[in-house]
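Visitor: Before I ask anything, here is the structure I am working with.
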Amino acid sequence: MENPSENTHQIITSGPRINVLEKVKNNLTFRSKWSELNGAMGDLGTYIPIVLALTLAKNLDLGTTLIFTGIYNFVTGAIYGVPMPVQPMKSIAAVAISDADFNIPEVMASGICTAGILLVLGLTGLMKLVYKLIPISIVRGIQLAQGLSFAMTAVKYIRNVQNFSNSKSGGERHWLGLDGLLLAIICACFIIVVNGAGDDSNNDTNYTDENASGTGNRGKRLRKFIHSLPSAVIIFLLGVILAVIRGPKAVKGFKFGPSPVEVVKISKHAWREGFIKGTIPQLPLSILNSVIAVCKLSTDLFPEKDVSATSVSITVGLMNLLGCWFGAMPCCHGAGGLAGQYKFGGRSGGCVALLGLAKLVLGLVLGSSLVRILDQFPVGVLGVLLLFAGIELAICSRDMNTKEDSFVMLICAAVSLVGSSAALGFLCGIIVYFLLRLRKLGDDQSLSAFCFQGNP
């Protein structure tokens with residue numbers, strides 16, 4: 001005879017476990033198979049150029065980076081249930097490419113230091129406090145600046161020949177060819193025809209079966225078919241095919257199997273240089289764009305999901321404290337990647353989980369030899385994907401309802417773009433915000449006018 005108390009104990013202990021499993025399953029469930037697959041391609045315009053540049057310039061272990069970022073993608077998709085991107089830390093990457101003395105040990109040291117600080121900010125609750133205090137107009141300014149920066153970089157990729165190994169642009173791109181300007185323009189036009197401005201409602205037509213003629217029905221079916229095409233997937237596959245055609249010897253030189261995983265040896269000099277040259281400029285960008293802006297954008301796009309500044313800060317910290325020791329590129333989340341994946345149809349954690357599985361398979365099967373194909377990938381095609389990701393992020397700043405908020409946002413964005421520093425733009429935005437609040441003290445306003453109107 002069964003003991004009732006034991007059954008009760010089993011139900012109580014298994015309850016939370018079942019709820020967690022159901023939540024993970026729901027987070028990874030596709031909303032639409034083709035749309036989610038298409039959305040997974042939306043962040044590659046940022047990911048591939050940076051990882052490729054570091055692999056060519058600094059001998060970054062591409063295989064190990066693919067394996068770890070694949071795991072990051074899958075885990076964050078399961079946790080958050082939104083297309084949370086995993087992107088290289090851009091400031092650290094920029095220093096590594098431009099500084100001949102900033103090598104892999106320094107890159108990993110800067111990633112570990114940045115991750116440690118973000119983890120502490122998350123565990124202590126300070127990141128949540130920062131998120132609540134920063135005015136929404138400042139967040140929108142950072143998003144606008146990042147979006148426009150992506151768009152301008154994308155136009156540079158499309159118009160000019162790129163040398164990722166030294167992060168420099170060459171001459172103007174030829175009109176014709178397998179990586180010509182005409183190809184990029186055709187890809188951009190294709191995305192506009194298929195995806196429009198990115199609003200889901202644009203794909204709906206207002207015809208009814210009662211008053212639609214046969215011609216109208218055929219036109220409606222044609223439009224429905226065009227709008228359902230996975231544009232980013234088609235363009236990425238086109239890029240892969242062209243890469244194979246451009247460099248057929250790259251395929252013959254494939255070495256199957258993962259790269260050997262080794263612990264990176266970091267000297268005291270590398271720790272010091274990594275912190276000064278890498279962590280200090282990266283930290284403001286990580287806090288503002290990888291945590292604050294990502295959380296705000298997630299709330300805008302997925303109000304039913306709980307994406308907190310605390311949890312995002314902790315996940316960024318943990319994944320780099322794990323992967324950087326083994327030579328995986330320091331990574332974070334990014335509002336631009338989230339906007340790009342949303343633009344192309346990503347609506348669930350299954351979107352990035354699928355991308356993570358693809359990275360994991362490529363890292364285990366091909367390892368670092370995959371760089372041979374990526375080096376031949378049409379850069380103009382990557383520029384097109386990055387262009388629409390940047391525009392989608394910049395569009396998020398359209399909800400500023402007052403001239404004052406728009407003024408602060410534009411000051412923040414302008415300084416961030418011209419000064420190439422999100423931290424400088426943030427500082428100027430905060431000063432302008434306080435000065436505008438100061439003007440209201442004489443209009444029968446109390447000291448509460450100084451209070452931040454931050455995020456909920």
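Visitor: What are the residue pairs meeting all of these: first residue in region 114-142, first residue more than 20 Å from Ile280 (Cβ to Cβ), second residue open to solvent by 50 Å² or more (accessible area, probe 1.4 Å) and not β-branched (Val, Ile, Thr), Cβ atoms under 6 Å, and 6 or more apart or on different chains?
Guide: Going by the 6 Å Cβ cut-off, the qualifying pairs are Leu133/Phe452; Pro135/Phe452; Pro135/Gln453.
Visitor: Kindly provide the set of residues from region 185-215 that are open to solvent by less than 70 Å² (accessible area, probe 1.4 Å), at pLDDT 60 or above and among the polar types (S, T, N, Q), ordered by number.
Guide: Answer for region 185-215, where residues must be open to solvent by less than 70 Å² (accessible area, probe 1.4 Å), at pLDDT 60 or above and among the polar types (S, T, N, Q): just Asn195.
Visitor: So the check is Cβ under 8 Å with 6+ separation or different chains; which pairs have a first residue in region 67-85 that's farther than 14 Å from Leu364 by Cβ and of a type in the set (S, T, N, Q) and a second one that's open to solvent by less than 10 Å² (accessible area, probe 1.4 Å) and not in a helix (DSSP H, G or I)?
Guide: Asn73/Val86; Thr76/Met84; Thr76/Val86; Thr76/His333
Visitor: Another one. Hey, does region 292-310 have a residue that's open to solvent by less than 80 Å² (accessible area, probe 1.4 Å) and of a type in the set (Lys, Arg)?
Guide: yes
Visitor: Same structure again: Are there any pairs with C-beta distances below 6 angstrom linking a residue in region 298-312 that is under 18 Å from Phe344 (Cα atoms) to a residue that is open to solvent by less than 40 Å² (accessible area, probe 1.4 Å) and in a loop (DSSP other than H, G, I, E, B), with the two at least 6 apart or on different chains, and if so which?
Guide: Pairs found: Ser298/Val82; Ser298/Val307; Phe302/Val82.
Visitor: From Lys255, Lys249, which residue is closer than 14 Å to Leu370 by Cα, open to solvent by 50 Å² or more (accessible area, probe 1.4 Å) and not in a helix (DSSP H, G or I)?
Guide: Lys255
Visitor: Can you tell which of Val130, Val95 is of a type in the set (A, V, I, L, M, F, W, C), open to solvent by 10 Å² or more (accessible area, probe 1.4 Å) and farther than 19 Å from Tyr47 by Cβ?
Guide: Within the list Val130, Val95, the selection yields Val130.
Visitor: Looking at region 338-392, which of its residues are of a type in the set (Asp, Glu) and either modelled with pLDDT of 95 or more or more than 16 Å from Met84 (Cα to Cα) (or both)?
Guide: Asp375, the sole residue that qualifies.
Visitor: Okay, moving on. Ser169: buried (at least 18 other Cβ atoms within 10 Å of the Cβ), at negative phi and among the small types (Gly, Ala, Ser), yes or no?
Guide: Considered against the rule, which asks whether it is buried (at least 18 other Cβ atoms within 10 Å of the Cβ), at negative phi and among the small types (Gly, Ala, Ser), Ser169 comes out as no.
Visitor: Take Leu182 and tell me if it is modelled with pLDDT of 90 or more, out of contact with any helix residue (DSSP H, G or I) (no Cβ under 7 Å at 6 or more places or on another chain) and farther than 25 Å from Asp43 by Cα.
Guide: no
Visitor: Which one of Leu288, Leu355, Leu321, Leu360 is part of a helix (DSSP H, G or I), under 16 Å from Gly116 (Cβ atoms) and open to solvent by 10 Å² or more (accessible area, probe 1.4 Å)?
Guide: Answer to the selection: Leu321.
Visitor: Sticking with this structure for a sec: Quick check on Leu144: is it modelled with pLDDT of 95 or more and either under 21 Å from the mean Cα position of the chain (by Cα) or open to solvent by less than 30 Å² (accessible area, probe 1.4 Å) (or both)?
Guide: no
Visitor: Of these, Ala57, Ala109, which one is open to solvent by less than 30 Å² (accessible area, probe 1.4 Å) and in contact (Cβ under 8 Å) with a residue 40 or more places away in the chain?
Guide: Only one candidate passes the filter, namely Ala109.
Visitor: Condition check: within 30 Å of Ile373 (Cβ to Cβ) and crowded, with 18+ Cβ neighbours inside 10 Å. Does Gly274 satisfy that?
Guide: Answer is no for this residue.
Visitor: Tell me, yes or no, whether region 51-71 has at least one residue that is part of a loop (DSSP other than H, G, I, E, B), out of contact with any Gly (no Cβ under 6 Å at 6 or more places or on another chain), modelled with pLDDT under 95 and charged (D, E, K, R).
Guide: Checked region 51-71: no residue is part of a loop (DSSP other than H, G, I, E, B), out of contact with any Gly (no Cβ under 6 Å at 6 or more places or on another chain), modelled with pLDDT under 95 and charged (D, E, K, R).
Visitor: Run Val24 past the list (1) of a type in the set (A, V, I, L, M, F, W, C); (2) at pLDDT below 90; (3) assigned to a loop (DSSP other than H, G, I, E, B) and report the number of the one that doesn't hold.
Guide: That leaves (3) as the condition not met.
The values are calculated or read from the model by the stated rules, or taken from the named source; none is laboratory data. Please read these numbers as outputs of a predicted model, since none were measured by experiment. Because the Cβ atoms are built from the backbone with ideal geometry, glycine has one as well, and the counts that use them run over all protein chains shown. Calculation scope for accessible area: heavy atoms of the full protein, side chains included, ligands and nucleic acids excluded. Shrake-Rupley method; radii C 1.70, N 1.55, O 1.52, S 1.80 Å.
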